[in-house]
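What follows is a short report on a single structure.
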């Protein structure tokens, strides 16, 4: 699924992007054989790390959406929960603000253990999401009005250099570089190569990862990032 955008400001990273999570959920509900969905933002202005949803996470998202939809007929008093990530009213929600206040650093000077630790981490995670949305709000405000927030402004991001046509680049450098030397300077996109290989071999999407891994054998080196803290 592709969704073209034309904005120049930085949006939420794939791991925190509500719109991408909904897209991943829709794709997963279309085919129960899908075990994971990877979401990514391709931007000429910013670098984003892709995020991978497991089937368990997608099922949890689905249950959260059901809760939100079920509350529309009888909303009652707002209650913070996993459904908060899908709520467009987080910035004005008194329950979300109150929960963020209870999860301040002052309340975590002596971090609790057991169930109290679980509750505190859950509150902190939702508070972080709220704070990110507040920051995004002010970024959008500062774009047309640079002086809207005294002492704060939008600082230009780092310049990302890239070569979109490696073949033409090699033609410019062929007198100085052999093909092997040129390839040694290139960064290979494993996901892109994997998708192209699957298309040429006619491998189904839900089998691509393992099939490609078996095909390349020891040539494919996998390294796991440092563990991240999340609810399980």
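Which FRET efficiency value, to the nearest 0.05, is calculated for residue 4 and residue 113 with the Förster distance at 41 angstrom and r the Cβ-Cβ distance?
0.30
Using bins 10 angstrom wide from zero, how does P(r) for region 1-76 break down, in % of all Cα pairs?
Per 10 Å bin, starting at 0, the Cα pair percentages come out as 17, 44, 28, 11, 1.
At 0.36 nm per residue, minus the direct Cα-Cα distance, what do residue 186 and residue 45 gain on full extension? Give it in nm, one decimal, please.
Length gained, residue 186 through residue 45: 48.7 nm.
Provide the gained length on full extension for the span residue 131 to residue 169, in nm with one decimal, where the gain is 0.36 nm per separating residue minus the Cα-Cα distance.
Difference between extended and current length: 9.4 nm.
We did not get these values from a lab; they are worked out from the coordinates using the rules stated. If you're wondering where the values come from, they're calculated on a predicted model, not measured in any experiment. Because the Cβ atoms are built from the backbone with ideal geometry, glycine has one as well, and the counts that use them run over all protein chains shown.
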